[in-house]
Each structure stands twice: as structure tokens, then as C-alpha cells.
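FYI, it's all coordinate maths here, none of it is from the lab. Worth saying up front: this structure is predicted, and the values here are computed from it rather than measured. Positions of Cβ are generated from backbone atoms using ideal geometry, with glycine treated the same way; all protein chains shown enter the neighbour counts.
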Amino acid sequence: MGTVFRITAYADDAQPALRGAFDRVADLDNKLSDYKPDSELMDVCRNAYAHPVPVSDDLFRVLKTALRISADSDGAFDVTLGPVIRLWRLKRVPERQQIERALKLVDYRNIVLGDHTVELKLPGMQMDLGAIAKGYAAEEALKLLRGRGISRALVAASGDLAIGDPPPGKTGWTVALEPLHERHVRELQDIFVGTSGDAEQFTEAHGIRYSHIIDPRTGMGLTKRIGVTVIAPDGMLADALGTAISVVSAQRGVAAGQALAHKYPGVEALIALDFVGAAEEQGNHHQDHE
Ligand code: AMP
Ligand code: MG
């Protein structure tokens, strides 16, 4: 999944369970990664055009949640962005024509889920689970530890956290949430955190900074600097909603981003704009009042 998973756990003999948790993450990497040509996901992309292909429980669950968030965000979140994301991975701004061509393959409504099957409506579609798989894997690793009797644990996949019961003698895990320049320190337990933003991954050209988060309407990386941290009762939601709220906030403002978060019970979103974005946002409000 292109990141490092780190597990912190309090237990007498944690080693075998930790091994199991990392094996579970590796298993999910083999299923959900689009960096591995022989992953289940890549296999499905090659074989599911115009006929339903049976898939693992894991892939099915991730796609089901992904499609729900796509529908709830009016397509701001879209795992069929693969062809566009591949262009941006070359670390330069793609040509307009290339983007136009790739965008023809992008529309989550062309993924059809059946009874544990997946069908793709267009040839050449490429799914990318980069915005949802880490949160799922972190939650699954935590579940595995719990199943082996280790509940005081925290699984971190860079900005995606699965947080279990508190360390001994504590009332929670102390977590610093840092969307962009903001900093919120919280005591958290039995909850999931996802963070999206362009702090680490972006492409820069002619003084413009393009995020690795893409607006599916244009095929362009976001240029408004937005950082989103989501706290959610589900790992996939925490991860994917961070990305979805980033796109919605860039398209329609922070209030629209918060409205998306509020569609999900128990979800809290911290949305930070840089100073330019914040000033624009103020300007919008001003206009609204007028
Ligand atoms: P995250 O770091 O969780 O925000 O996920 C970012 C990753 O999600 C990117 O590296 C892409 O692989 C993928 N991605 C980018 N834009 C979108 C989008 N609009 N919808 C779904 N996935 C996206
Ligand atoms: Mg995410």
C-alpha cells in the first residue's frame, strides 16, 4: 500500500499476535494494492470487463464502502480514477489530452457489484484503492490483535490510525492531529483516524502545487491547500472520508465538506485551509450574506 505500518501494543507475549497482524496487512496488500501487478485488484481490473468476476470478501467490502462514499459525495470520491492517478504518478503535470482520454474511463457507476462479484462496464478501467485500503488494513490488523486477546494496541499506517483500548493506567492514547498547520491533541480510544492532505505527496510546476488528491470532475490534482483529519467509528470511513471531504471542500467549500461528514453518524472532521484558501472561504461567506 506504499506505506509503513507500525503497531504499538501492551501485552505479555505480543510477538506471535504481532506477527499475525503484519501477515494480515501483507495479505491485504496482496489483494488491494494497485502497485503489485499480480494483486487480486489488478487481476479483477484485467478480467472483469463485461462479465462478473467472483472476488474475496475483503475486496468486496472495500468496494462496497467505496461506492457508498462515491454516491454520498456526488462522485468527488471515485476509485476508478486509476488511469488519471497513473498519469500524475509520473510527477509532472500531464497533458490535457492525456487527462481527457484517461477521464473517459472514470466513473464509479461503471463498477457493478453482484453477489460477491465485480463487473466493470468499460474496457481499460483501472481501480485505485489508495484512499481507502490503508484504513481498512489498519482496522483489520487491530481486529486480529483483539481476537488474540491484545486490546491495548494502536496500528498506524502513516496518517491512518486504528486505535484500541488505552495503554495500562491511561484513559486514552494521546494523539496529535495535524491537518495542515493546525494541531489538536486528543485522548482517543476505540476509534479510527484518517488524515488527507498534500503535506508529503504533490507535484509542483510553474509555481503551482498539485495535490496527489484528484478532482474527478477535472482530472487535476487539487491546488487549494486543504488538510482534513477524520475521526470515525470505522477504519475505511476514516481513511476514505478524509480524501472525499478534501475534494468536496475544494469544489464547494468547507461547509459542504462538513455536510458530507455529517451524513455518517459518529464521524467528526477537522478541515484546515491554508491562509489563501481561508481568505477565499471568508469571501464566499461574505457573498452569501450579501
Ligand atoms: P489519502 O492519502 O487517503 O487522501 O489518499 C490519496 C490517494 O487516493 C491518492 O494517492 C490516490 O491513490 C487516491 N485518490 C486520489 N484522488 C482520489 C479521489 N478523488 N477519489 C478516490 N481516490 C483518490
Ligand atoms: Mg484517505
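Peptide packing for 25-31, 126-132 was compared via the average number of neighbouring C-beta atoms within 10 Å per residue; ordered from the highest value, the list is 126-132, 25-31.
Descending by average beta-carbon neighbour count within 10 Å, the peptides 161-174, 95-108, 212-225 line up as 212-225, 161-174, 95-108, the highest first.
Evaluate E = 1/(1 + (r/R0)^6) for Ala259 and Leu122, where r is the Cβ-Cβ distance and R0 equals 25 Å; express this FRET efficiency to the nearest 0.05. Efficiency computed from Cβ-Cβ geometry: 0.25.
Once the C-beta distance of Arg217 and Asp57 is scaled by a Förster radius of 30 Å, the resulting FRET efficiency is 0.40 to the nearest 0.05. For the pair Thr3 and Asn110, label points projected 7 Å from Cα toward Cβ lie 2.8 nm apart. When only the Cβ of Lys, Arg, Asp and Glu is charged (+1, +1, -1, -1), the dipole of segment 1-157 relative to its Cα centre reaches about 420 debye.
Between segment 81-105 and segment 11-39, the alpha-carbon centres lie 30 Å apart.
Per-residue ellipticity at 222 nm, computed for the chain from helices alone with -39500 (n - 2.57) per DSSP H run of at least four residues, works out to -12500 deg cm²/dmol. Students often forget the sequence filter, so: which aspartates and glutamates lie under 16 Å Cα-Cα from Lys36 once same-chain residues fewer than 8 apart are removed? Within the straight-line cut-off, Lys36 pairs with Asp27, Asp128.
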